[in-house]
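For reference, the structure discussed in these notes is given below.
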Amino acid sequence: MSNTVKVFFSYSHKDEALRDELATHLSMMKRQGVIEAWHDREISAGREWANEIDDNLDIADIILLLVSANFLASDYCYDKEMKRAMERHETREARVIPIILKPADWNGAPFGKLQALPKNAKPVTTWQDQDEAFLNVAQGIRRVVEEMAKSNTSSSTPAKNTTPATSNPSGTSGVLTERQRRRWEQERDSVQEQYDLVSKKLGLLGKAYAIETDVSTKLKLEVQIQETKTEQNRLDRQLEEIEQKIL
């Protein structure tokens, strides 16, 4: 694989607007030459579209499955692109990342075992701020790209000595065991519950502040709002750290 990571979008044309939004959020990585993104709208006139898709799917380093009911209902997306993507993922030729665009019954799909984006596999369209959702997706993709770059660097660097590595008493080798993954997922769910409660509290405080007329009460509410925002940010950072461990 070259230094530039090739990214392939597998999506339903009914979700094209959301694909464009995601592509926009990946623009910085494209400008930096970190990734090279491709989707079927890149096919020029006179080209055989099926061959173009197959060729680009077979050379992609990262394959993004833009999941929605439309995607699952598309025979081409599901039976052709997704199945080929999973074959390449299983042989470690590429990394498949499900991006959950809309609520859908996708857990039983072959890619249901993979860690999805955004965080907690919360569909993009259900976020209060979709830009925040796409930012979370872009950050997750960047982490994968950086991980792949590190892997390529270490694999291309010759060993300096043949001294056997000492055993790791903690048993951590960069790859989570099933038990470790479950533990982190439970921790993530617990923190997410706290985050949701704090977000709900922040919303209620905002509504109370908007209708309050007493100056002294408004000042107290401002303090509570600031404290709640600080707690929300702390939990958000904690969720990010957990997601990085699970990815």
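The values are calculated or read from the model by the stated rules, or taken from the named source; none is laboratory data. None of these values were measured; they are calculated from a predicted model. We place every Cβ from the backbone using ideal geometry, glycine too, and count neighbours over all the protein chains shown. Side chains included, ligands, DNA and RNA excluded: accessible areas come from the protein's heavy atoms. Shrake-Rupley method; radii C 1.70, N 1.55, O 1.52, S 1.80 Å.
Restricting attention to region 66-92, the residues being surrounded by fewer than 15 Cβ atoms within 10 Å (Cβ to Cβ) and assigned to a loop (DSSP other than H, G, I, E, B) number 2. Look at region 193-212: where a residue is within 15 Å of T230 (Cα to Cα) and a partner is at pLDDT 85 or above and of a type in the set (S, T, Y), sitting 6+ places away or on another chain with Cβ atoms under 7 Å, you get V198/T228; K201/T228; L202/T228; L205/T228.
Scan region 128-146 for residues that are open to solvent by 80 Å² or more (accessible area, probe 1.4 Å) and either in a helix (DSSP H, G or I) or closer than 17 Å to A23 by Cβ (or both) and the total you get is 3. Does K218 fit the bill of being among the charged types (D, E, K, R), surrounded by 13 or more Cβ atoms within 10 Å (Cβ to Cβ) and either in a helix (DSSP H, G or I) or on the phi < 0 side of the Ramachandran plot (or both)? Answer is yes for this residue. Of the candidates E132, E231, E147, E178, the single residue that is modelled with pLDDT of 80 or more, over 30 Å from T24 (Cβ atoms) and charged (D, E, K, R) is E231.
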